[in-house]
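Let me begin by presenting the structure, written as structure tokens, before commenting on it.
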Amino acid sequence: MGEQRAPLEYTFTMRFANNRATLNALVDALRCDPFYAAISEDFAHDEARRREALARYFDYSMSEGARTGRLVVFPEASTGAAVWLLPVQPAVSEAESKSKAAFLASELGANGGLKYRRIVDFMLLHARAIIAPSAWYLSIVGVAPAAQGQGMGARLLEPTLAEADQADVECYLETFDARNARFYQRLGFSIAGSHTEPVTRAPYTIMYRSPKSLRAEPKGPRTG
């Protein structure tokens, strides 16, 4: 699982910890997603401020992935990134939750932080009903619009999927865009469930990827 570092102590006046070009790519790729639209709703009247709030959210999330999961960024930083969260010890999870709650309240405002919590709690409840606690979670993946359609999304995910196969662990994700299902299916995911999230009133899909040992091709009958 790698070393688990202490959560970053945010002062909320610090500079970005990650490359701004990568953060811009994530904002451009994901800002219209129902989840990100909801948590940045306090800034809907000011697109520049909304982009800044989302950039700070992605900055925090990328650092969180680097601490407690996997962070994959292309050498060309403006292309995009993938953030995975892996199972951690309860004490680490509690510390991360407290740090993130403080960040959300400061950077997304009371309304954005509340919507974040309500959406995540709803989705987590449904995921826990069908996904094992040992699963690796694909939290964020985004490719800049100009780089989409060139296989970049798969290239972002393949290193961690290969690592998950080596560890023989399952993976899962949630997507609000039904068009993404076919893309994830090509990477070994299957649809595990669909729900309508009440805050956004938008449907989303839970997708699951079995451990490698359960995806082994059956051997043919012996002959001779």
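The values are calculated or read from the model by the stated rules, or taken from the named source; none is laboratory data. Computed from a prediction, not measured in an experiment: that's the story for all the values here. Note that we place each Cβ from the backbone using ideal geometry, even for glycine, and neighbour counts take in every protein chain shown.
Structure notes:
- Pair list, Cβ under 6 Å, 6 or more apart: the stretch 16-44 residue on the phi < 0 side of the Ramachandran plot, other residue buried (at least 17 other Cβ atoms within 10 Å of the Cβ) and of a type in the set (K, R): V27/R51; A38/K115; I39/K115; S40/R50; F43/R50
- Scanning the stretch 195-224 for residues that are part of a loop (DSSP other than H, G, I, E, B), at pLDDT 95 or above and either among the β-branched types (V, I, T) or farther than 24 Å from K115 by Cβ (or both) turns up V199, T200, S210, P211.
- Single residue of the stretch 74-85 satisfying the filter (surrounded by fewer than 21 Cβ atoms within 10 Å (Cβ to Cβ) and touching a residue at least 24 places away in the same chain (Cβ under 8 Å)) that is farthest from P145 (Cα to Cα): L85
- Complete set of residues in the stretch 111-123 that are among the aliphatic types (A, V, I, L, M), in contact (Cβ under 8 Å) with a residue 24 or more places away in the chain and out of contact with any Ser or Thr (no Cβ under 9 Å at 6 or more places or on another chain): M123
- Flag if Y204 is under 16 Å from W84 (Cα atoms), among the aromatic types (F, W, Y) and out of contact with any Lys or Arg (no Cβ under 9 Å at 6 or more places or on another chain): no
- Residue within the stretch 177-194 that is in a loop (DSSP other than H, G, I, E, B), of a type in the set (S, T, N, Q) and in contact (Cβ under 8 Å) with a residue 12 or more places away in the chain present: no
- Scanning the stretch 92-105 for residues that are crowded, with 16+ Cβ neighbours inside 10 Å, under 17 Å from the mean Cα position of the chain (by Cα) and not hydrophobic (A, V, I, L, M, F, W, C) returns E96, K100.
- Of all residues making up the stretch 187-209, the number that are of a type outside the set (V, I, T) and touching an Asp or Glu at 6+ places or on another chain (Cβ under 8 Å): 6
- Condition met for L108 (more than 23 Å from A132 (Cβ to Cβ), modelled with pLDDT under 95 and crowded, with 16+ Cβ neighbours inside 10 Å): yes
The rows are residues; the columns are (1) modelled with pLDDT under 95; (2) over 27 Å from G153 (Cβ atoms); (3) in contact with a strand residue (DSSP E or B) (Cβ under 6 Å, 6 or more places away or on another chain).
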site: P7; (1), (2), (3): yes, yes, no
site: M14; (1), (2), (3): yes, yes, no
site: F58; (1), (2), (3): no, no, no
site: M62; (1), (2), (3): no, no, yes
site: G65; (1), (2), (3): no, no, yes
site: V73; (1), (2), (3): no, no, yes
site: A81; (1), (2), (3): no, no, yes
site: L104; (1), (2), (3): yes, no, no
